[in-house]
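Encoded as structure tokens, the structure appears first; notes follow it.
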């Protein structure tokens, strides 16, 4: 297993689950991906959970904070983008028409972050590394492999992320009749830092959001295991030409995520 030692600015560096059932999430993802669990105390009644693969940080989760449940916030995976300067990124977000949901702040002993929202309503965070760079494993089995924006307004999103992170946008060849799919890229990451598609009509009413994909060795076996652990299949496994095989799932608390076995050249 190759260990990440840094994340280039503009690349995704940390997937974080907000859940209404933290203990349930630890059991589900621990069994599904073989992750180890490390809890960091956040107070007398709360922990921040680090998921690790062979001792290397792969993801994290935390439970409901005061007010979240009352506001009806559903469980979800949040995506973090690496930056060299959180404060400057927050300024760029405002200038490009986005919102700063939570102004830049220091996370003691780890780094500096902000909670942001793009003009189409998708939330994400930016992370300026201190001692913690974010995940230490990427693209290997049971680790983050892809991040994808599903948005109500692709053109507005292209302009926003191009302005904030300098991402270029290129259409990916879709199957006949398939939706347009955009690859976000930047120098040094020409194969893509993430993807984007328009919110499908059948998902009308769902807000714009960033979704995450975890690499697995066997998509169908992972789907079956997820179901046996109490998860749900949101979209059955399918093969995407030139990319790989993938399926979309929800954990027992309702947080959506995808699993993927990339083609060797995908």
Conditions (1) within 23 Å of residue 145 (Cβ to Cβ); (2) under 18 Å from the mean Cα position of the chain (by Cα); number of the one not met by residue 48: (1)
Sole exception among (1) farther than 19 Å from residue 110 by Cβ; (2) assigned to a loop (DSSP other than H, G, I, E, B) for residue 3, by number: (1)
Any hit, region 33-50, residues being part of a loop (DSSP other than H, G, I, E, B) and under 30 Å from residue 164 (Cα atoms): no
Residue under evaluation residue 244, criteria (1) at positive phi; (2) in contact with a helix residue (DSSP H, G or I) (Cβ under 7 Å, 6 or more places away or on another chain); (3) buried (at least 16 other Cβ atoms within 10 Å of the Cβ), criterion not met: (2)
Qualifying position, being assigned to a strand (DSSP E or B), within 23 Å of residue 24 (Cβ to Cβ) and touching a residue at least 24 places away in the same chain (Cβ under 8 Å), among 226, 258: 258
Residues being within 26 Å of residue 118 (Cα to Cα), part of a loop (DSSP other than H, G, I, E, B) and more than 18 Å from the chain's Cα centre (by Cα) - total across region 200-223: 3
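Select from region 171-192 the residues that are assigned to a strand (DSSP E or B) and farther than 25 Å from residue 6 by Cβ and write down the one among them that is modelled with the lowest pLDDT.
172
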In region 22-63, the residues that are surrounded by fewer than 17 Cβ atoms within 10 Å (Cβ to Cβ) and touching a helix residue (DSSP H, G or I) at 6+ places or on another chain (Cβ under 6 Å): 37
Positions within region 75-96 being farther than 30 Å from residue 24 by Cα, surrounded by 14 or more Cβ atoms within 10 Å (Cβ to Cβ) and touching a residue at least 60 places away in the same chain (Cβ under 8 Å), in sequence order: 83, 89, 92, 93, 96
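Could you go through region 153-163 and let me know if any residue there is out of contact with any helix residue (DSSP H, G or I) (no Cβ under 7 Å at 6 or more places or on another chain), within 30 Å of residue 32 (Cα to Cα) and assigned to a loop (DSSP other than H, G, I, E, B).
Step one: of region 153-163, the residues out of contact with any helix residue (DSSP H, G or I) (no Cβ under 7 Å at 6 or more places or on another chain) are 153-162.
If we keep only those that are within 30 Å of residue 32 (Cα to Cα) as well, we get none.
Within region 153-163 (the criterion being out of contact with any helix residue (DSSP H, G or I) (no Cβ under 7 Å at 6 or more places or on another chain), within 30 Å of residue 32 (Cα to Cα) and assigned to a loop (DSSP other than H, G, I, E, B)), the answer is no, since none of the residues qualifies.
The values are calculated or read from the model by the stated rules, or taken from the named source; none is laboratory data. In this text, all values refer to a predicted model and were calculated from it rather than measured experimentally. As a convention, Cβ positions derive from the backbone with ideal geometry for all residues, glycine included, and neighbour counts pool all protein chains shown.
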